[in-house]
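The structure under discussion appears below in the form of C-alpha cells.
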C-alpha cells in the first residue's frame, strides 16, 4: 500500500466519529427521560448560548423530559412544566425521579402497601430511580433506598 492510500485511510478513520455522532443524534427517539448531570446548569429560551437564560437549575439528578433534539441542544420539560433548551452535555441518561403530589410520599421496604414503612418523603425530593414494576419503583435518596408508588414519582413510566 502506498503512502497516499495509507494517509487517506487514516484521515477517513479520524473523521468517522464526527459523522457518526450526527447520525446517532438523529436516531434518538423523543420523548425520552434524562437527568441533570451537573450541580448547576442553565435552561435557555432557544438552542444556543446567545439566547437568554430562563432558569438556572441547582439540582443534580433532576429528571427532565427531552422533547426535541437539535445538534448539541435538547428541548426539555421539568416537573413543573417549564420548557426550554439545555446543552446535551449537561444531561445524563441516568434515571432520576422527583417526588410529586400533595403531602409526603411513603417509602416502603418492599413493593407492597402493607410492607414496613421506611420513610415519609416530602414532595420535591429527587433521587436515583431504579426499576419499576406493578406500580412500584425502587427509589434511592442519598443512600436511603426502598420502594415508592410509581404515580408519586415524576420521571417514572413512559415519557
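Against the test of being modelled with pLDDT of 95 or more and either out of contact with any helix residue (DSSP H, G or I) (no Cβ under 9 Å at 6 or more places or on another chain) or closer than 30 Å to residue 143 by Cβ (or both), the options 29, 65 yield a single qualifying residue, 65.
Quick check: anything in the stretch 100-119 within 22 Å of residue 31 (Cβ to Cβ), within 14 Å of the chain's Cα centre (by Cα) and outside the structural domain of residue 51 (by TED's automatic domain parsing)? Step through it out loud before you land on a result.
As a first pass, look at the stretch 100-119 and keep what is within 22 Å of residue 31 (Cβ to Cβ): 100-101.
So of that shortlist, the ones also within 14 Å of the chain's Cα centre (by Cα) come out as none.
No: zero hits.
Right, residue 115: surrounded by fewer than 16 Cβ atoms within 10 Å (Cβ to Cβ) and more than 22 Å from residue 42 (Cα to Cα) or not?
Values: surrounded by fewer than 16 Cβ atoms within 10 Å (Cβ to Cβ): yes; more than 22 Å from residue 42 (Cα to Cα): yes.
Considered against the rule, which asks whether it is surrounded by fewer than 16 Cβ atoms within 10 Å (Cβ to Cβ) and more than 22 Å from residue 42 (Cα to Cα), residue 115 comes out as yes.
Out of all the residues in the stretch 60-88, which are assigned to a strand (DSSP E or B), closer than 16 Å to residue 154 by Cβ and free of Cβ contacts under 8 Å to residues at least 24 places away in the same chain? Walk me through it before giving the result.
Going through the stretch 60-88, the residues assigned to a strand (DSSP E or B) turn out to be 63-70, 73-77, 83-87.
Still in the running and closer than 16 Å to residue 154 by Cβ: 63-67, 76-77, 83.
Within the stretch 60-88, 77, 83 meet the criteria.
List the number of the failed condition for residue 84; all other conditions in (1) under 15 Å from the mean Cα position of the chain (by Cα); (2) over 12 Å from residue 61 (Cβ atoms); (3) surrounded by fewer than 18 Cβ atoms within 10 Å (Cβ to Cβ) hold. Of (1) under 15 Å from the mean Cα position of the chain (by Cα); (2) over 12 Å from residue 61 (Cβ atoms); (3) surrounded by fewer than 18 Cβ atoms within 10 Å (Cβ to Cβ), only one is false for residue 84: (3). The set of residues from the stretch 43-59 being free of Cβ contacts under 8 Å to residues at least 40 places away in the same chain and in a loop (DSSP other than H, G, I, E, B) comprises 46, 47, 48, 49, 50, 51, 52, 58. Evaluation of residue 151 against the conditions (1) closer than 24 Å to residue 41 by Cβ; (2) part of a helix (DSSP H, G or I) shows that the sole unmet condition is (1). Of the residues that make up the stretch 35-57, is at least one over 16 Å from residue 150 (Cα atoms), surrounded by fewer than 20 Cβ atoms within 10 Å (Cβ to Cβ) and under 12 Å from the mean Cα position of the chain (by Cα)? Within the stretch 35-57 (the criterion being over 16 Å from residue 150 (Cα atoms), surrounded by fewer than 20 Cβ atoms within 10 Å (Cβ to Cβ) and under 12 Å from the mean Cα position of the chain (by Cα)), the answer is yes, since at least one residue qualifies.
The values are calculated or read from the model by the stated rules, or taken from the named source; none is laboratory data. No experiment lies behind these values; they were computed from the predicted model shown. Reconstructed Cβ throughout: ideal geometry from the backbone, glycine too, with neighbour counts over all protein chains shown.
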